[in-house]
Structure formats: structure tokens, C-alpha cells
Amino acid sequence: MRRAARLAAVLLACGGLLAPAPAAAHAFGPFSISVYSRLVVSEDQIEIRWVLDMAEVPATATVELIDTNADGTVTEREKAAYFDLWVGSVLGQIELVVDGQSLSKEIVGRELTLPAGEDGAPALRLEMDLVAEVPAEGNSHSATYRDSNYIDYVGWREVAVAPGNGAQLIESSAPLEGRTNELTVYPADLGRSVPNSEAEFVFAGRAMAPSVPAGQPVSPGQAESAPSGGFQIWPTGVLAALAVIGLAGIMLAVNRPSTRARR
């Protein structure tokens with residue numbers, strides 16, 4: 001009862017559920033949950049920067065779960081304990097497939113913070129850094145990324161894909177950068193854009209990447225069939241020899257007496 005009363009009081013402090021959100025409120029409203037992913041592809045691994053931004057109402061409910069002793073103070077130990085329970089379901093909704101193989105993801109960094117939201121109610125922000133090892137086989141790799149976390153909630157979704165050291169991004173359905181600076185700034189025109197939780201892309205090691213004219217990305221099939229170092233080009237000496245042979249043939253054809261003239 002005590003916890004329920006506290007939760008109700010905080011919800012009322014958010015300004016009422018039916019009242020229009022004031023200018024300082026979260027861009028997508030007090031019920032929103034937004035998710036951001038940025039992938040950096042390298043020759044042997046893919047780094048994922050994953051960020052969750054909870055507005056006041058879902059954040060308040062989550063804080064109630066984190067604060068296990070209900071003393072109104074969330075300690076680092078309570079954050080760590082809740083993260084350990086939470087992270088399994090979060091990672092289970094992040095799917096990264098490279099060359100048809102689903103890759104496991106290792107957590108190399110994490111931070112859970114509770115910034116102040118509207119009227120003092122807490123918001124919640126979770127940042128994770130993940131790493132997935134890329135299979136060694138093949139000159140290039142076709143990949144898909146899909147994040148299904150909180151997909152049914154109102155909020156913003158964006159995925160970015162960028163090349164890292166020792167890799168070339170050959171083709172991608174996602175931009176190189178997001179528009180929200182990792183969900184810290186929401187542009188005014190963001191509501192006219194389409195949220196996205198998926199990306200398809202092709203990448204290769206820089207030394208093995210196919211030669212692609214600027215502004216003309218190749219299809220995944222072309223990238224996989226291209227030989228190491230780019231598309232095959234005839235050596236200069238062979239081209240010169242072929243040119244001389246062709247020119248000699250043309251000159252013989254032109255200077256040869258016709259059959260009618262000999263008769």
C-alpha cells in the first residue's frame with residue numbers, strides 16, 4: 001500500500017495523465033520510451049552503442065522496482081542488482097545476424113542513471129556498450145540488425161551504422177549518425193520522421209573490400225562474389241598486346257586486295 005501510494009503521488013506530480021505536456025516535458029510525452037543503437041563495424045568485430053531513454057511514468061514504475069527496500073533512495077548496489085535481472089531480457093530482444101549466423105553480444109560497459117524529469121519525477125537512462133565478434137570466413141559480410149525492445153511503446157527509435165578501423169561499409173540502409181545525439185536532444189521536426197529499429201548492411205575488411213565507384217554501392221551479391229582486392233582488371237601489358245593485335249588485323253583487312261579486283 002505504501003509503495004502504491006508513493007507511485008500515485010508521483011504520477012499526479014507529473015501534471016495529470018490527460019493534461020497536455022508542458023514545453024519542458026519529454027518530447028514524446030511522459031509515457032514514452034525511446035531506444036537508440038549505433039553500430040560501428042570493424043574487420044573482426046561490431047561495436048554496439050545502445051541507449052534507453054524512459055520518460056517519467058515508466059521510469060517511476062521502474063524506480064519502484066529498483067528501490068527494493070523502499071527507502072526512497074536508489075543505491076549503486078540496487079542499480080547493479082536490477083541491471084543483472086533486466087539485461088537478459090534486453091539482450092534477448094537485440095538480434096545481430098552476420099552471414100546468416102546470429103552473433104552473441106558481450107557487455108563491455110554500462111551505466112544506469114536517473115536524471116530529473118518533469119516536476120521532479122525521475123526519468124531513467126540506460127547506456128550499454130556491446131561487442132560482437134565477426135566470423136573470419138569470407139571477403140565481405142552481409143548483416144542485419146533488429147532491436148525489438150519496447151517496440152510497442154510510444155517514443156523514438158533510431159539505428160545508425162558506421163565503418164570503424166580496418167573496415168569499409170559497402171552498403172547500408174541506416175545513416176552514419178543518429179539525429180538525437182544518443183537521445184539527449186530531440187529535434188523539433190523529429191515527429192515528421194519515421195522511427196526505425198532495423199538495419200541491413202554489407203561491410204568488408206579495408207584490404208579486401210570490393211572496388212566501388214563513389215556513390216554507387218554494390219548489392220550484397222556483388223560484394224560477396226567480388227575477388228579479394230576488388231574487381232579483376234587486365235594487366236596493362238596484356239591490354240597493350242591486345243590493342244596491337246587488333247590494330248594489325250584492321251590494317252590487313254583494309255589493305256588486302258578484294259577478290260573482285262584480282263579477277
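One table, with the values for the structure above:
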{"quantity": "Mean Cα-pair separation over length for region 22-167, i.e. relative contact order, pairs under 8 Å, 6 or more apart, %", "calculated": "39"}
{"quantity": "HN-Hα J in Hz across region 155-172 - Karplus 6.51, -1.76, 1.60, θ = phi - 60°, x for Gly and Pro", "calculated": "x, 9, 10, 8, 10, 10, 9, 9, x, x, 5, x, 9, 10, 8, 7, 8, 7"}
{"quantity": "Rough spin-label spacing in nm, given labels placed 7 Å along Cα→Cβ, for GLU200 and LEU176", "calculated": "2.3"}
{"quantity": "Distance in nm between pseudo-label sites at THR68 and THR184 (7 Å out along the Cβ direction from Cα)", "calculated": "3.2"}
{"quantity": "Amide H contacts under 5 Å for ASN196, placed H, 5+ residues apart", "calculated": "ARG157, GLU158, VAL159"}
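A short reminder: the numbers here are calculations on the coordinates, not readings from a lab. All figures in this text were calculated on a predicted structure; none of them were measured in a lab. Cβ atoms come from the backbone with ideal geometry, glycine included; neighbour counts cover every protein chain shown.
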